[in-house]
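Let me begin by presenting the structure, written as structure tokens, before commenting on it.
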Amino acid sequence: MSSMRIALAQICPVVAPVALAIEGDDIFEVLERNLLETKRWVEKAAAEHADVVVFPEYFLQGLVDNGRQHLTEYLSHLAQGFNVSIVGTIVHCVCEDLPSTSPFTHLMLSSSSKPDMEQWRQYVKANPGQNHSPKLHNTAFYIEAGTGKVLDEFVKRNLWHPERTIDKHHANPPRYETEILSSLSYARAFETETVWIMCNAGGLAKDGYIGGSSVWMPLKGKVGGCQNENVELAIVDVDLDILKDARTLYKIRADRDSTT
Ligand SMILES: *[C@@H]1O[C@H](CO)[C@@H](O)[C@H](O)[C@H]1NC(C)=O
């Protein structure tokens, strides 16, 4: 049997304030909190012997949207240290003038003191939010356990979105969003003949969180995940051999490949 243990980290990252850096301010405070929180969940996933831990979209955001390279470096460090693969999405842009030193070295080496932030402070000051609008890429990546290598990455597109803007006119039923995401994920697993993982942020329903992070497979449906919107780590074991049966049975891939 070819199995995989997936950890869904339905976490609640701190939302970074959109504001100018104030003189003497710790400009990376929110990001640091989210990075330390991320470390805590990677550690939990490793303790559960997960092969891969999946984080929600936008789980790291803020000023260093522009410096995603340094965020990825930190995640690579976690993937190496805890020997677990990490999947997530970070918004980043192509900015050539970024400071080359990581603002997070002290988080990686516990003995190291905080890096000199002056360069970053100057950069943020020179590029304030309201007149710095680079093209942003919502980039998903897969970082390998042990080596910490970024094995793959792609700029993702949304599973669904347009309903958001018309929600208030249509007064959708309370579980509309959860149900549609769940059915679309199931359909995608089926039509792509894959194990399909969706990871959402967790939090209070009254604050708009829907949770519902889960894993779907053809021939199985939903194989596990979070029960509701609460913050939690859900462990889901999947048998990848089932995909071979699905591909033999439905031949969706075979059909698609034969027509291209
Ligand atoms: C990392 O995990 C893999 C897969 O479980 C295992 O084969 C390998 O020995 C582990 N490496 C270390 C350094 O623990």
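Annotations
- Residue-by-residue Karplus 3J(HN,Hα) for segment 243-248, coefficients 6.51, -1.76, 1.60, Hz, glycine and proline x: 5, 5, 5, 4, 5, 5
- Taking amide hydrogens as placed 1.01 Å from N in the peptide plane, the amide H of Gly224 sits under 5 Å from those of Val215, each at least 5 positions away in sequence or on another chain.
- Were the residues from Lys220 through Met108 laid out at 0.36 nm apart, the gain over their Cα-Cα distance would be 36.3 nm.
- Amide H within-cut-off set for Ala145, under 5 Å, with H built and near neighbours excluded: Ser85, Ile86
- Pairs from the table (Lys44/Lys125; Lys114/Lys156; Lys39/Lys156; Lys39/Lys125; Lys156/Lys222; Lys125/Lys156) lying more than 27 angstrom apart at Cα are Lys44/Lys125; Lys114/Lys156; Lys39/Lys125; Lys125/Lys156.
- Portion, in percent, of the accessible area of segment 178-246 that falls on carbon or sulfur, probe 1.4 Å: 52
- Stretch gain in nm, segment Ala205-Ala187, where the contour uses 0.36 nm per residue and the Cα spacing is subtracted: 3.9 nm
- Highest average first, the peptides 222-234, 191-203 ordered by how many other beta carbon atoms sit within 10 Å of their residues are 191-203, 222-234.
- Taking each residue as 0.36 nm, the span from Asn138 to Ser100 lengthens on full extension beyond its C-alpha to C-alpha distance by 11.5 nm.
- Point-to-point label distance, Asp255-Glu232, nm (Cα→Cβ direction, 7 Å offset): 3.6
- Note, ³J(HN,Hα) from phi for segment 184-189, Karplus 6.51, -1.76, 1.60, rounded to Hz, x at Gly and Pro: 5, 5, 4, 4, 5, 4
The values are calculated or read from the model by the stated rules, or taken from the named source; none is laboratory data. Worth saying up front: this structure is predicted, and the values here are computed from it rather than measured. Here Cβ is always computed from backbone atoms with ideal geometry, including for glycine, and neighbour counts include all displayed protein chains. Each accessible area value is taken on the protein alone, full model and side chains, heavy atoms only, with ligands, DNA and RNA left out. Shrake-Rupley method; radii C 1.70, N 1.55, O 1.52, S 1.80 Å.
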